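Step one of this worksheet: look at the structure below.
The values are calculated or read from the model by the stated rules, or taken from the named source; none is laboratory data. None of these values were measured; they are calculated from a predicted model. Reconstructed Cβ throughout: ideal geometry from the backbone, glycine too, with neighbour counts over all protein chains shown. Protein only, heavy atoms only, side chains kept; ligands, DNA and RNA dropped before computing areas. Shrake-Rupley method; radii C 1.70, N 1.55, O 1.52, S 1.80 Å.
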Amino acid sequence: MTLRALLAIPLSLCASSCSLNERPIIDPVRMAQLWEPPTDLEQRDLFLGVGGSKNAPDPNELYEFKEQKDVGTQPGYDVKDSKGREWSVKLGEEAHTEVAVSRLLWAIGYHQPSIYYLPKWTLVRDGKRTLQPGGRFRLDNTKNLGEWSWRRNPFLHTRQLAGLFVYQVMVNNWDVKSQQNALYEMKEKDTPGPQQQYMVKDLGASLGRTAWPVGGSKGDTDGFDDEPFIERVEGNRVRFAYQGAWLEPQLVRSITPADVRWTAALMSRLTPQQWRDAFRAAGFNDSEANRYIRRLQQKIAEGLTLDSY
């Protein structure tokens, strides 16, 4: 069956009738817009992330106020630095979780924006300087072409799209919705990878307990520790304990043990230093980081040994 024909099948029909033991393989050039094989996974710098030191914000910089954010649950600003670079700054508890989860997702081959955590920084508004609490800084070096849907995209039914969802479950991101996705066009032509990249850009509702519709917790070590990962496998489909804001139950019901093993195998390649760097970059203390790392490694081990039934 061609990809064109496959995409024409309603998702609900495919979830019940397509073979769960096979996933379509699409053109690698197209797939590279979502995921690229991380051949250098063990060498990736998870402290500085995809943007490296070149794009990192200066903690001693004065950031000029442009606009206050009025959308979302976390306070924030749009600011500009002295180099003319524009940043989206998110404050609150998600400033930590989003950076750590983004670092790990980039490590296993999925595209992510250049984001960083600054424990303190200075905002200049109407000529007045104020010291601000820690914030997530996302560099505006892309053109947002609009959101992409989990239901309709070029990667439907592929192992890589399934793996992207499995990862959200592993980190307990309970706010997985198409509104959190963006198709970006890189402004800088020398940016590594394809010029257009599909990303899950808002990952902050993670590392806590999942719940919906009331919403779960974020950056909650006890909640993250206590929530189970996999409940059971039935008919070669994985049933998760996850209770997130998932708008497409057809995909949830189509995840196979092979999908989970594939994602876990990628994450199992992370080195101890990379694990530490990802959480250090996000401003977590050693005690918090160790608990998150331990629980994630438990989930990886569980995923690697998952059998098909």
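Some notes on this structure:
- Residue check, Gly193 within 18 Å of the chain's Cα centre (by Cα) and modelled with pLDDT under 90: yes
- Any hit, the stretch 65-73, residues being of a type outside the set (Val, Ile, Thr) and open to solvent by less than 30 Å² (accessible area, probe 1.4 Å): no
- Taking the stretch 54-155 and the strands (runs of 3 or more DSSP E) fully enclosed by it, the elements with 2 or more residues that are among the hydrophobic types (A, V, I, L, M, F, W, C) are at 62-68, 86-90, 115-125, 128-139.
- Checked against the criterion of being closer than 17 Å to Gly135 by Cβ and within 18 Å of the chain's Cα centre (by Cα), the candidates Val79, Val89, Val50 yield just one match: Val89.
- Filtered by the rule that a residue be under 18 Å from Glu42 (Cβ atoms) and crowded, with 23+ Cβ neighbours inside 10 Å, the stretch 271-292 gives Trp275, Ala278, Phe279.
- Filtered residues of the stretch 294-309 (kept if open to solvent by less than 20 Å² (accessible area, probe 1.4 Å) and within 18 Å of Leu46 (Cα to Cα)): Leu296
- Test: residue in the stretch 120-136 that is closer than 21 Å to Ala289 by Cα and more than 23 Å from the chain's Cα centre (by Cα): yes
- Listing of helices (runs of 4 or more DSSP H) fully contained in the stretch 170-281 that carry 1 or more residues being of a type in the set (Gly, Ala, Ser): 221-226, 257-267, 272-281
- Residue match in the stretch 33-53 (condition: assigned to a strand (DSSP E or B) and hydrophobic (A, V, I, L, M, F, W, C)): yes
- Meets criteria (touching a His at 6+ places or on another chain (Cβ under 7 Å) and either polar (S, T, N, Q) or over 24 Å from Leu266 (Cβ atoms) (or both)) for Gln180: no
- Which listed residue, of Glu93, Glu98, is among the acidic types (Asp, Glu) and modelled with pLDDT under 95: Glu93
- The numbered conditions (1) surrounded by 17 or more Cβ atoms within 10 Å (Cβ to Cβ); (2) in contact (Cβ under 8 Å) with a residue 60 or more places away in the chain; (3) farther than 19 Å from Trp150 by Cα are all true for Gly193 except (1).
- Residue in the stretch 83-91 that is open to solvent by 50 Å² or more (accessible area, probe 1.4 Å) and without any contact (Cβ under 8 Å) to a residue 40 or more places away in the chain present: yes
- Here Ala241 does not qualify as over 17 Å from Ala162 (Cβ atoms) and either open to solvent by less than 10 Å² (accessible area, probe 1.4 Å) or β-branched (Val, Ile, Thr) (or both).
Conditions tested, residue by residue: (1) acidic (Asp, Glu); (2) open to solvent by 50 Å² or more (accessible area, probe 1.4 Å); (3) at pLDDT 95 or above.
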{"residue": "Asp126", "(1), (2), (3)": "yes, yes, yes"}
{"residue": "Thr130", "(1), (2), (3)": "no, no, yes"}
{"residue": "Asn141", "(1), (2), (3)": "no, no, no"}
{"residue": "Pro154", "(1), (2), (3)": "no, no, yes"}
{"residue": "Gln179", "(1), (2), (3)": "no, yes, no"}
{"residue": "Lys189", "(1), (2), (3)": "no, yes, no"}
{"residue": "Val214", "(1), (2), (3)": "no, yes, no"}
{"residue": "Asp222", "(1), (2), (3)": "yes, yes, yes"}
{"residue": "Glu227", "(1), (2), (3)": "yes, no, yes"}
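- Qualifying positions in the stretch 94-128 - more than 19 Å from Asn181 (Cβ to Cβ) and of a type in the set (A, V, I, L, M): Ala95, Ala100, Ala107, Leu118, Leu123, Val124
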